[in-house]
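Report on one structure; see the data block that follows.
The values are calculated or read from the model by the stated rules, or taken from the named source; none is laboratory data. Since the structure is predicted, the reported quantities are computational estimates derived from the model, not experimental observations. Because the Cβ atoms are built from the backbone with ideal geometry, glycine has one as well, and the counts that use them run over all protein chains shown. Remember, those area values only see protein heavy atoms, side chains included, never the ligands or the DNA or RNA. Shrake-Rupley method; radii C 1.70, N 1.55, O 1.52, S 1.80 Å.
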Amino acid sequence: MGNLFCLVQVDQSTVAIKETFGKFDEILDPGCHFLPWFLGSQLAGHLSLRVQQLDVRCETKTKDNVFVNVVASIQYRALADKASDAFYKLSNTRSQIQAYVFDVIRASVPKLNLDDVFEQKNEIAKAVEDELGKAMSAYGYEIVQTLIVDIEPDEHVKRAMNEINAAARMRLAANEKAEAEKILQIKRAEGEAESKYLSGLGIARQRQAIVDGLRDSVLGFSENVPGTSAKDVMDMVLVTQYFDTMKEIGASSKSSAVFIPHGPGAIRDVATQIRDGLLQASAHQ
């Protein structure tokens, strides 16, 4: 019906190319237009002004001889004021863009090591965008955005990189663990030293208290019982302590058999041996 009345409709975000007897005439904006076909006017085609996206996968090699697949996402659109150039100058826009992307990526990535490719992907995207912008503007297209969305090394290379990273982390963990064990050992040694020091203080105070108690007992007994010497009282105290010790050993369920001499002169011998042992210990000190 539109052809019958010489009317055509152009949709929003689209322009139409009008030709007269096969020659470019004008660009038709969105809306309804009169197209007298009987006077040689016709539509050559439509051109979308929407932003389009093209994903390009390019295989190349890095400076350290690692093959990678670089995936670039190109967002572009035709310019309304250059719609005739965009329609007539390029027969296959997507192939043209892909060729420029291949050229820039294969010129940029081989200059970088694999790690640098990952770190400088924004610089690579900027180089692609600049090159495409200069080239495609002559054909009526604008490059809106260029992104490097993926960098895929060979599977064996990725596995090796993961193993290197895992080994580095394990080495760091081992160092941290060793440092923690070192701190624990130091703290344990400090605790043992402090414990032994305090134990020594306790033993020294205990012995001092025993000596003070014996001295007081000897002095008190000598004063209250006339005719006794300090030596006699000391012998009696030592013998008493000796038999108290034997009693404690016998009361212990884990003690072994202990044989001691028994007889009327045994007590005197015990006292003599204890006194001689104490004197010898004092002489060695």
The distance between the Cα centres of region 1-50 and region 77-121, in whole Å, is 31
Output row, site residue 190, 7 Å Cα→C-beta label point, backbone N cut-off 15 Å, window region 158-180, residues 180
Measure of exposure for residue 77: accessible area at 1.4 Å probe, Å² rounded to 10, is 90
So the carbon and sulfur contribution to the accessible area of region 146-188, 1.4 Å probe, in percent, is 57
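Please compute the per residue accessible area over region 1-150 with all protein chains in place, 1.4 Å probe, rounded to a whole number of Å². Don't skip to the answer; put the middle values down first.
Numbers: 8490 Å² over 150 residues.
On a per-residue basis, region 1-150 sits at 57 Å².
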For residue 177, the lysines lying under 18 Å Cα to Cα, once residues fewer than eight places off in the same chain are dropped, come out as 187
Low-density loop trypsin sites (Lys or Arg not before Pro), region 38-69, at most 16 other Cβ within 10 Å, DSSP non-H/G/I/E/B, are 50, 63
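Could you tell me the calculated FRET efficiency between residue 198 and residue 176, based on Cβ-Cβ distance and R0 = 35 angstrom, to the nearest 0.05? It would help to have the intermediate numbers written out before the result.
On the way: r = 33 Å, r/R0 = 0.94.
The calculated FRET efficiency here is 0.60.
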Restricting to lysines and to Cα separations under 26 Å from residue 23, and discarding same-chain partners fewer than 8 apart, the set is 82, 89
FRET efficiency for residue 24 and residue 63 from the Cβ-Cβ distance with R0 = 51 Å, rounded to 0.05, comes out at 0.60
